[in-house]
Amino acid sequence: EAGVAQSPRYKIIEKRQSVAFWCNPISGHATLYWYQQILGQGPKLLIQFQNNGVVDDSQLPKDRFSAERLKGVDSTLKIQPAKLEDSAVYLCASSLVRVISYNEQFFGPGTRLTVL
Amino acid sequence: QKEVEQDPGPLSVPEGAIVSLNCTYSNSAFQYFMWYRQYSRKGPELLMYTYSSGNKEDGRFTAQVDKSSKYISLFIRDSQPSDSATYLCAMSAGNQFYFGTGTSLTVIP
């Protein structure tokens, strides 16, 4: 079974530029998550989709971050304009939807963003 | 106050030692308690999860949850150099997921 795919793996931009990250979840996984992991910290959930609808985006800085999941499969996370403090690893995860059980999240390798 | 507190370490132990990793939390609504392992430049991978209070064992790993104390632990028996990684605790309530900062563990051969 193929895992969660993310691209690019690394990105270096200057502040005030825009950047986009792409995620392809595991086939059949209805739920998709984007996390931000700053160096030395645990992942912070930014947004959660179920199919192509947003379940939770309460921690997404909506003035500069946006995300979409068209057709309920691939997803894109965008930052516009980037700030120095956005330097982090952006992790994508996906899970099945089981009503009466734990929904294990499978993580991709992440995209390491450096903002100069 | 953070939702989840975890000692970042680093923790260094000799091969074969018993390792104890811990997290505390403040939200009594948390129902699922997870432990993830993260190798350098990789995404986290789930080790174990526990629903509500109690113990769960899987090979060399044992997870404990004490909801009355808002305290969870992961024990690793007979630690191996391949266990060297960052260990993250995580907790969830509904659609909310919170991770600890992670504890860096090195097992010395």
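Considering (1) in contact with a helix residue (DSSP H, G or I) (Cβ under 7 Å, 6 or more places away or on another chain); (2) closer than 28 Å to B:Thr103 by Cα, say which one A:Gln105 fails and leave the rest.
(1)
On the basis of being open to solvent by less than 50 Å² (accessible area, probe 1.4 Å), of a type outside the set (A, V, I, L, M, F, W, C) and at pLDDT below 95, does B:Ser92 make the cut? Don't jump to the end; show me each part of the working.
Values: open to solvent by less than 50 Å² (accessible area, probe 1.4 Å): yes; of a type outside the set (A, V, I, L, M, F, W, C): yes; at pLDDT below 95: yes.
Yes: the conditions hold for B:Ser92.
When only residues in segment A:60-86 that are part of a loop (DSSP other than H, G, I, E, B) and of a type in the set (Lys, Arg) count, which is nearest to the chain's Cα centre (by Cα)? Spell out how you get there, then give the answer.
So in segment A:60-86, the residues part of a loop (DSSP other than H, G, I, E, B) come out as A:60-64, A:69, A:73-74, A:80-83.
Narrowing the set further to residues that are of a type in the set (Lys, Arg) leaves A:62, A:64, A:69, A:83.
Details: A:Lys62: 14, A:Arg64: 14, A:Arg69: 11, A:Lys83: 17 Å.
Of everything passing the filter in segment A:60-86, A:Arg69 is nearest to the chain's Cα centre (by Cα).
Conditions: (1) part of a loop (DSSP other than H, G, I, E, B); (2) open to solvent by 30 Å² or more (accessible area, probe 1.4 Å). A:Ile26 meets all but one. Number of the miss?
(2)
What is the residue count in segment A:82-116 for residues that are more than 14 Å from chain B (Cβ to nearest Cβ) and surrounded by 15 or more Cβ atoms within 10 Å (Cβ to Cβ)?
Going through segment A:82-116 one residue at a time, the tally reaches 4.
How about segment A:37-50: which of its residues are open to solvent by 20 Å² or more (accessible area, probe 1.4 Å), assigned to a strand (DSSP E or B) and not charged (D, E, K, R)?
If we filter segment A:37-50 for residues that are open to solvent by 20 Å² or more (accessible area, probe 1.4 Å), which is where we start, we get A:37-41, A:44, A:50.
Adding the requirement that they be assigned to a strand (DSSP E or B) leaves A:37, A:44, A:50.
Answer for segment A:37-50, where residues must be open to solvent by 20 Å² or more (accessible area, probe 1.4 Å), assigned to a strand (DSSP E or B) and not charged (D, E, K, R): A:Gln37, A:Gln50.
Kindly check whether there is at least one residue in segment B:57-73 that is under 14 Å from the mean Cα position of the chain (by Cα), at the interface with chain A (Cβ under 9 Å from one of its Cβ atoms) and among the polar types (S, T, N, Q). Write out each step before concluding.
Going through segment B:57-73, the residues under 14 Å from the mean Cα position of the chain (by Cα) turn out to be B:57-58, B:60-66, B:70-73.
Imposing the further condition that a residue be at the interface with chain A (Cβ under 9 Å from one of its Cβ atoms) reduces the set to none.
Within segment B:57-73 (the criterion being under 14 Å from the mean Cα position of the chain (by Cα), at the interface with chain A (Cβ under 9 Å from one of its Cβ atoms) and among the polar types (S, T, N, Q)), the answer is no, since none of the residues qualifies.
Which one of the conditions (1) open to solvent by less than 80 Å² (accessible area, probe 1.4 Å); (2) within 11 Å of chain B (Cβ to nearest Cβ); (3) touching a residue at least 24 places away in the same chain (Cβ under 8 Å) does A:Ser58 fail to meet, given that it meets all the rest?
Result: A:Ser58 fails condition (3) only.
Among the residues of segment B:1-19, which ones are open to solvent by 50 Å² or more (accessible area, probe 1.4 Å), touching a Phe, Trp or Tyr at 6+ places or on another chain (Cβ under 9 Å) and within 12 Å of chain A (Cβ to nearest Cβ)?
B:Lys2, B:Glu3, B:Glu5
So in segment A:1-33, with the set limited to residues that are among the basic types (Lys, Arg) and out of contact with any Gly (no Cβ under 9 Å at 6 or more places or on another chain), which one is farthest from A:Thr114 (Cα to Cα)?
Of segment A:1-33, the ones among the basic types (Lys, Arg) are A:9, A:11, A:15-16.
Retained after the next criterion (residues that are out of contact with any Gly (no Cβ under 9 Å at 6 or more places or on another chain)): A:11, A:15-16.
On the way: A:Lys11: 6, A:Lys15: 9, A:Arg16: 12 Å.
It comes out as A:Arg16.
For segment B:48-61, name all the residues that are buried (at least 17 other Cβ atoms within 10 Å of the Cβ) and either farther than 27 Å from A:Asp56 by Cα or at pLDDT 95 or above (or both).
Within segment B:48-61, just B:Phe61 meets the criteria.
Search segment B:20-46 for residues being over 24 Å from B:Ser68 (Cβ atoms) and not hydroxyl-bearing (Ser, Thr, Tyr), and hand back the single one that is nearest to the other protein chains (Cβ to nearest Cβ).
Step by step, filter segment B:20-46, then rank; the result is B:Gly43.
Return the residues of segment B:54-104 that are part of a strand (DSSP E or B), of a type in the set (Ser, Thr, Tyr) and in contact (Cβ under 8 Å) with a residue 60 or more places away in the chain; say none if nothing qualifies. Break it down into steps so the answer makes sense when it comes.
Kept after step one, since they are part of a strand (DSSP E or B), are these residues of segment B:54-104: B:54-58, B:61-66, B:71-76, B:85-93, B:96-99, B:103-104.
Narrowing further to those that are of a type in the set (Ser, Thr, Tyr): B:62, B:71, B:73, B:86-87, B:92, B:98, B:103-104.
Once the filter is applied, which keeps residues that are part of a strand (DSSP E or B), of a type in the set (Ser, Thr, Tyr) and in contact (Cβ under 8 Å) with a residue 60 or more places away in the chain, segment B:54-104 yields B:Tyr87, B:Ser92, B:Tyr98, B:Thr103, B:Ser104.
The values are calculated or read from the model by the stated rules, or taken from the named source; none is laboratory data. Quick caveat, the model's predicted, so the values are computed rather than measured. When we count neighbours, we look across all protein chains shown, and the Cβ atoms used for this are built from the backbone with ideal geometry, even at glycine. Just the protein is used for accessible areas: all its heavy atoms, side chains included, with ligands, DNA and RNA removed. Shrake-Rupley method; radii C 1.70, N 1.55, O 1.52, S 1.80 Å.
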